[in-house]
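The values are calculated or read from the model by the stated rules, or taken from the named source; none is laboratory data. Please read these numbers as outputs of a predicted model, since none were measured by experiment. Heads up, the Cβs are rebuilt from the backbone with ideal geometry, glycines too, and the neighbour counts pull from every protein chain shown.
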Amino acid sequence: MALDWSKLKRLDFEKGVDQTLSLPKARARSDEERRALPCALNAADEVAVAAFLERKLPFLGIPEVVEKVLGRMPRLKLQKMDDVLSADAEARRMAKEEVAALTTWRRQRRRRERRSERLMNTVLGIVLVLGVMILVHEWGHLSVARLFGVRVDVFSIGFGPRLFGWKRGATDYRLARCLWALCADGRAGSFRN
């Protein structure tokens, strides 16, 4: 439904409208200057809701846009209909700026989050691949030592105190507290006789 401005004969702005707004900037204005605020509130709300429906703005971004527009709204005295229309146009322009600023900020934040996610995935992937490579390498040492009859007391993934493991034959297979290295007998690449 569109409003036909040509048939509109009168607009009434009643006192007390700003009591629902908790904006100190809105309260510091004179009564005549505050008359533009309901118009600005409506215009900013329409722009913010449209941005929300287009998925450009989250739901909680709507009051944020409206509050910023009301805080920035210039001091206007509404004496004619053209004053109301210009206040509406100005509020819509400011609301579009605020939506664009919030959208840009949120987009940049998402990019930073994705970048840090990719970095974390890369680091975890490298740690996993290196861990598997080291495990296979150390398992090779264990296999060759057994092949030549060398007794291996401990085959440890990591070093330091034992977290858990099992004993099979003479060898104690364990996961140790510090996983920086995969080693036998607590020292990287060494075996005890």
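Considering only segment 154-169, how many residues are in contact (Cβ under 8 Å) with a residue 24 or more places away in the chain and either among the polar types (S, T, N, Q) or closer than 19 Å to Gly140 by Cα (or both)?
Final tally of qualifying residues: 6.
Identify, please: which residue in segment 78-136 is among the β-branched types (Val, Ile, Thr) and surrounded by 11 or more Cβ atoms within 10 Å (Cβ to Cβ) and is, among those, farthest from the chain's Cα centre (by Cα)?
Checking each candidate, the answer is Val84.
Report, by residue number, each residue of segment 151-170 that is at pLDDT 90 or above and either surrounded by 15 or more Cβ atoms within 10 Å (Cβ to Cβ) or among the β-branched types (Val, Ile, Thr) (or both).
If the condition is that a residue be at pLDDT 90 or above and either surrounded by 15 or more Cβ atoms within 10 Å (Cβ to Cβ) or among the β-branched types (Val, Ile, Thr) (or both), then Gly165 is the only one that fits.
In segment 40-63, what count of residues is obtained for those that are within 22 Å of the chain's Cα centre (by Cα) and either of a type outside the set (D, E, K, R) or at pLDDT 90 or above (or both)?
Selection size over segment 40-63: 13.
Is there any pair with a first residue in segment 110-136 that is assigned by TED's automatic domain parsing to the domain that holds Ile157 and a second that is of a type outside the set (S, T, N, Q) and surrounded by 10 or more Cβ atoms within 10 Å (Cβ to Cβ) whose Cβ atoms are under 7 Å apart and which are 6 or more apart or on different chains, and what are they?
As it stands, the answer is Ile134/Leu182; Leu135/Ile157; Leu135/Leu182, since those pairs meet every condition given.
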